[in-house]
Amino acid sequence: MSSIVLDVRNGVATILLNRPQVLNAFNREMALQMQEALENCDQEEQVRVVVITGEGKSFSAGQDLSEVVDPDGPGMKRILKEHYNPIIKQIRGLQKPVIAAVNGVAAGAGANIALSCDIVLATSSAIFLQAFSKIGLIPDSGGTYFLPRLIGWQKASAIMMLGEKIAASEAERMGMIYKVFSDENFKNEVEKIINTLAEMPTRALAYTKQALNVSFINDLDTQLDAEDSFQQRAAQSADYKEGVESFLAKRKPVFIGK
Ligand code: T3D
């Protein structure tokens, strides 16, 4: 795969957005390759954490705008239904943590793909841009779902309508993303976090993700029932057994992701 490069090693799958000449903007080929890569990560048992990052100086500039004016291109209907909506659903449905390592500008669908991830890390020179209003569109790729939940209605509304560039430090301050690291430390700090996640009890992380997926739509009673149901399943895992045994034996746990 060329527009997307998938690398799997030591339990970590890295999905590299690889069209640096257009700031990793998505065309149809890239979107379909991204879906294939996410599907591989889901199926592959050895994968315990997924990282999405960009080649070169950017994360992604969103939709490739040269494709939308191409009369032979996919057109708006197919772009959302066949490109971005499946990607967002795959990221939320993946039974493993998905980390966005935002290495530069994240604009349009690129920004919202990042915000749909479980943990968003950014380099200090990165910027987040809801670019849609600048070209007469509305935020898509889950933006109107995730952003108000992350930072509140008022800020989301202003950021989406004004289409202002948000610096990574500001995004961290307002809770849009988890952490910012200096450009020079970014790679090392991201690696530390993903290697930690790759050694954690993967099933428990998957159930945590599933519980969070429904938390904003459930009332308290329903959410407590959901937690109960996921906890029963987590308690069946080999990693739960190992977690308790290693604690009682005062040794470091060895989780196998099962
Ligand atoms: O039909 C639909 O559109 C539905 C789908 C919607 C989903 C969306 O994502 S809509 C939003 C699409 N994205 C944008 O509107 C962002 C457009 N890009 C920018 O605003 C700027 O490029 C950035 C703020 C992201 C970065 O600015 P800067 O100054 O760092 O870079 P640049 O010089 O603008 O771009 C560098 C090159 O990448 C340049 O090409 P060149 O001149 O070197 O040959 C530029 O044209 C190209 N590029 C950047 N973004 C895109 C792009 N080419 C195609 N599509 C892009 N989105």
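The values are calculated or read from the model by the stated rules, or taken from the named source; none is laboratory data. Note that the structure is predicted; figures quoted are calculated from it, not measured. Cβ coordinates were reconstructed from backbone atoms using ideal geometry, including for glycine residues, and neighbour counts include every protein chain displayed. Ligands, DNA and RNA are excluded from the accessible area calculation, which covers all protein heavy atoms including side chains. Shrake-Rupley method; radii C 1.70, N 1.55, O 1.52, S 1.80 Å.
Here the simple spin-label model places points 7 Å from the Cα toward Cβ, and for LYS134 and GLU44 these points are separated by 3.4 nm.
Would the stretch 42-122 count as rounded, prolate or oblate if I go by the C-alpha gyration tensor, calling it rounded below 1.5 in a/c and otherwise prolate when a/b exceeds b/c, oblate otherwise? Since a/c reaches 1.5 but b/c is at least a/b, the shape of the stretch 42-122 is classed as oblate. Other residues with beta-carbon under 14 Å from the beta-carbon of LYS81 carry, at +1 per Lys or Arg and -1 per Asp or Glu, a net charge of +2.
Using DSSP, restrict attention to beta bridges with both residues in the stretch 1-78 and report what percent are antiparallel, rounded to the nearest 5.
In the stretch 1-78, DSSP labels about 45 percent of beta bridges as antiparallel.
Applying the criteria of a DSSP loop state and at most 16 other Cβ atoms within 10 Å to the chymotrypsin sites (Phe, Trp or Tyr not before Pro) of the stretch 187-234 yields PHE216.
Taking Cβ atoms as reference points and 11 Å as the exclusive limit, the residues near ILE119 contribute a net charge of +1, counting Lys and Arg as +1 and Asp and Glu as -1.
If you take every DSSP beta bridge fully contained in the chain, what fraction is antiparallel? Give it as a percent rounded to 5. Here the share of antiparallel DSSP bridges comes out near 30 percent.
For the chain, the calculated P(r), taken from all Cα-Cα distances in 10 Å bins from zero up to the bin holding the longest distance, is 7, 29, 35, 21, 6, 1, 0 percent. Let me know the shape class of the stretch 19-82, please: from the alpha-carbon gyration tensor, a ≥ b ≥ c as square roots of the eigenvalues, rounded when a/c is under 1.5, otherwise prolate if a/b is greater than b/c, or oblate. Oblate is the answer for the stretch 19-82, as a/c is 1.5 or above yet b/c matches or exceeds a/b.
Report summary: the helix-based calculation at 222 nm, which adds -39500 (n - 2.57) for every DSSP H run with n ≥ 4 and divides by the residues of the chain, gives -13500 deg cm²/dmol.
Rolling a 1.4 Å probe over the protein heavy atoms of the chain, with every protein chain left in place, gives an accessible area that is 55 percent carbon and sulfur.
In what order, largest first, do LYS241, LYS179 sit by accessible area if the probe radius is 1.4 Å?
My answer, sorted largest first, is LYS241, LYS179.
Over all distinct Cα-Cα pairs of the stretch 1-42, the Kirkwood formula returns a hydrodynamic radius of 10.5 Å. Which of the residue pairs LYS57/LYS252; LYS187/LYS209; LYS155/LYS179; LYS209/LYS250 have a Cα-Cα distance greater than 30 Å in the structure shown? The answer is LYS57/LYS252. Its residues counted as N, the stretch 91-209 yields a C-alpha radius of gyration over 2.2 N^0.38 Å of 1.06. Based on C-alpha pairs under 8 angstrom that are at least 6 apart in sequence, the chain has a relative contact order of 16 percent.
Taking only the C-alpha atoms of the stretch 163-223, the Rg (one decimal) and the largest Cα-Cα distance, Dmax (whole number), read 15.9, 46 Å. Ranked from largest to smallest solvent-accessible area, with a 1.4 Å probe on the protein heavy atoms, ILE151, ILE52, ILE138 come out as ILE138, ILE151, ILE52.
For TYR240, the solvent-accessible surface with a 1.4 Å probe is about 120 Å², rounded to the nearest 10.
Can you tell me how much longer the chain between LYS258 and SER182 gets when fully stretched, taken as 0.36 nm per residue apart minus their C-alpha distance, in nm with one decimal? Intermediate results must be reported in sequence, preceding the final value.
Details: separation 76, 0.36 × 76 = 27.36 nm, distance 3.49 nm.
Residue separation times 0.36 nm, minus the Cα-Cα distance, leaves 23.9 nm.
Label-to-label distance, LEU65 versus VAL8, with points set 7 angstrom from Cα along the beta-carbon direction: 3.8 nm.
Principal axis extents of the C-alpha atoms in the stretch 152-258 (largest first, rounded to whole Å): 53, 43, 19. Surface listing: LEU212, LEU115 arranged by accessible area from highest to lowest gives LEU212, LEU115, probe 1.4 Å. Computed over every Cα-Cα pair of the stretch 202-249 and binned at 10 Å starting from 0, the pair-distance distribution P(r) comes out as 27, 43, 23, 6, 0 percent. Between SER116, SER215, SER141, the Gaussian network model of the chain with springs among Cα atoms under 10 angstrom shows the greatest mean-square fluctuation at SER215. With the chain treated as a Gaussian network of Cα nodes joined by springs under 10 Å, which of LEU32, LEU94, LEU65 yields the largest mean-square fluctuation? Among LEU32, LEU94, LEU65, the largest mean-square fluctuation in the Gaussian network model of the chain belongs to LEU65.
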